[in-house]
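A quick write-up on the structure given underneath.
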Amino acid sequence: MNSHIVKEAHVAAHNYEPLPVVLVKGEGIYVWDDQGRRYTDLMSAYSAVSLGHSHPRLVKAISEQAQKLAVCSRAFFTDQLGPFLERACQLTEQDRALPMNTGAEAVETALKAARKWGYKVKNIPDGKAEIITCNGNFHGRTIAIIGFSSEAQYKDGFGPFPEGFVNIDYGDSKALEKAITPNTAAFLVEPIQGEAGIVLPPKGYLAECARLCKANNVLLICDEVQTGLGRTGKLLACQYDNVHPDALILGKALGGGMLAVSLFLARQEVMNVFHPGDHGSTFGGNPLAAAVGLEALNVLVEENLIEHSAQMGDYFIEQLKKLNSPLISDIRGRGLFIALEIEPSLANARQVCEHMMHHSLLSKETHDTVVRLAPPLTITKQQIHETVAGIKKALDDLAKQLEKSA
């Protein structure tokens, strides 16, 4: 057994079940293990490494800023935060931004903003504000967020949970219409559900949700921590329905695969509910994070990675559909956010991922039945060909193994 695996398993909490590979280096779409073997990264750290590992512009930005000023807290102004937030607001067409670190922190910020807006602007009676969320959602791991999860394991042993959340079925605008009451402050939704298995809602779903929210004076908050910043072939996945939300949550890829950087962005009326002392973060908006975040946005736009994601995503799905494996029951996705649905009567997604690892491809299953394919947005057609060939070999090997054990 690898000594690094043994040591980590001994001293780390067992809240993950990693594949047995020890990574030591990354460049572009590739990572290397401690034995020098190269793998194609098909996860991108849940979309956080969308620009590829060790992108030279990001390495330069973090190195140069770290040598000048890394952290000083929001107790003071810096020369880095303003340009970063200005660029983010300009690209997303939002009025203001509030910087945090992780996606979960940005979601918590959105929840606080929605509730306070509900009380101070919409005049919901104190303590009665409701936020509507969807079954199958994944917005993070804090107590409040898992409290409105529909996944039993996420909640087991962690209650009691905060009240004020109403869950409805995802992709069902009629369910949203029925759930809205005078006390509804916001609807929090993922334009595509990632952790649930890359679940795409019906066409027009988000547009109808936006109409219902506007008609009922309810904030539409889109969580684009995983789907945003080019992952689905558009800057934001909500743009597929031509939706401009009242508020937006970004993270993961915003840090360029270097740092935890997140933002809650919203229109002026929503952000105006925050006053000095209402909310904060020691590290949120630090100069290092701001410099990296700005460069990540610039790389995304200047290197045309959004358009590239759309083109390569279509090509990837087209090639995957040629596999014709009985182990695959469905292939779906947008851009480079793709799911291989594994036929549960034959195998599970963990088995597929383990066999992919043996063919130098790294990904991780979700919900037992889905293998996610979300490589860095820089992937090329040739690399897609190599990846699909490796997936075919992995599926063929697994099929033979299952046949022998039957």
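Data table
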{"item": "Sole residue being in a strand (DSSP E or B) and touching a Pro at 6+ places or on another chain (Cβ under 7 Å), chosen from 220, 265", "result": "220"}
{"item": "Selection within the stretch 363-373 - under 18 Å from the mean Cα position of the chain (by Cα), touching a residue at least 24 places away in the same chain (Cβ under 8 Å) and more than 16 Å from residue 397 (Cβ to Cβ)", "result": "364, 366, 367, 370, 372, 373"}
{"item": "Single condition residue 330 does not satisfy, out of (1) out of contact with any strand residue (DSSP E or B) (no Cβ under 6 Å at 6 or more places or on another chain); (2) part of a strand (DSSP E or B); (3) among the acidic types (Asp, Glu)", "result": "(1)"}
{"item": "Top-ranked residue in the stretch 345-393 [being assigned to a strand (DSSP E or B) and among the aliphatic types (A, V, I, L, M); ranked as farthest from residue 49 (Cα to Cα)]", "result": "370"}
{"item": "Filter result for the condition that a residue is assigned by TED's automatic domain parsing to the domain that holds residue 284 and either surrounded by fewer than 16 Cβ atoms within 10 Å (Cβ to Cβ) or touching a Phe, Trp or Tyr at 6+ places or on another chain (Cβ under 8 Å) (or both), over 7, 25, 68", "result": "68"}
{"item": "Qualifying position, being of a type in the set (S, T, N, Q), surrounded by fewer than 17 Cβ atoms within 10 Å (Cβ to Cβ) and in contact (Cβ under 8 Å) with a residue 24 or more places away in the chain, among 102, 142", "result": "142"}
{"item": "Unmet criterion (only one of (1) over 25 Å from residue 336 (Cβ atoms); (2) modelled with pLDDT of 95 or more) for residue 9", "result": "(2)"}
{"item": "Any hit, the stretch 362-383, residues being crowded, with 23+ Cβ neighbours inside 10 Å and touching a Pro at 6+ places or on another chain (Cβ under 8 Å)", "result": "no"}
{"item": "Filtered residues of the stretch 223-255 (kept if under 18 Å from residue 338 (Cβ atoms), in a helix (DSSP H, G or I) and hydrophobic (A, V, I, L, M, F, W, C))", "result": "237, 253"}
{"item": "Pairs, first more than 23 Å from residue 216 (Cβ to Cβ) in the stretch 231-246, second assigned to a helix (DSSP H, G or I), C-beta under 6 Å, six or more apart", "result": "231/47; 233/309; 233/310; 233/313; 235/306"}
{"item": "Residue within the stretch 223-232 that is modelled with pLDDT of 95 or more and more than 13 Å from the chain's Cα centre (by Cα) present", "result": "no"}
{"item": "Boolean, residue 316 is among the aromatic types (Phe, Trp, Tyr) and under 28 Å from residue 87 (Cβ atoms)", "result": "no"}
{"item": "Number of the exception - residue 44 against (1) in contact (Cβ under 8 Å) with a residue 24 or more places away in the chain; (2) touching a Lys or Arg at 6+ places or on another chain (Cβ under 6 Å); (3) not hydrophobic (A, V, I, L, M, F, W, C)", "result": "(2)"}
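Yes or no, residue by residue, for (1) outside any loop (DSSP other than H, G, I, E, B); (2) assigned by TED's automatic domain parsing to the domain that holds residue 92:
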residue	(1), (2)
275	no, yes
284	no, yes
288	yes, yes
293	yes, yes
296	yes, yes
310	yes, no
316	yes, no
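The values are calculated or read from the model by the stated rules, or taken from the named source; none is laboratory data. Remember, it's a predicted structure, so these values are computed and weren't measured experimentally. Cβ sites come from the backbone with ideal geometry, for glycine too, and all protein chains shown count toward neighbours.
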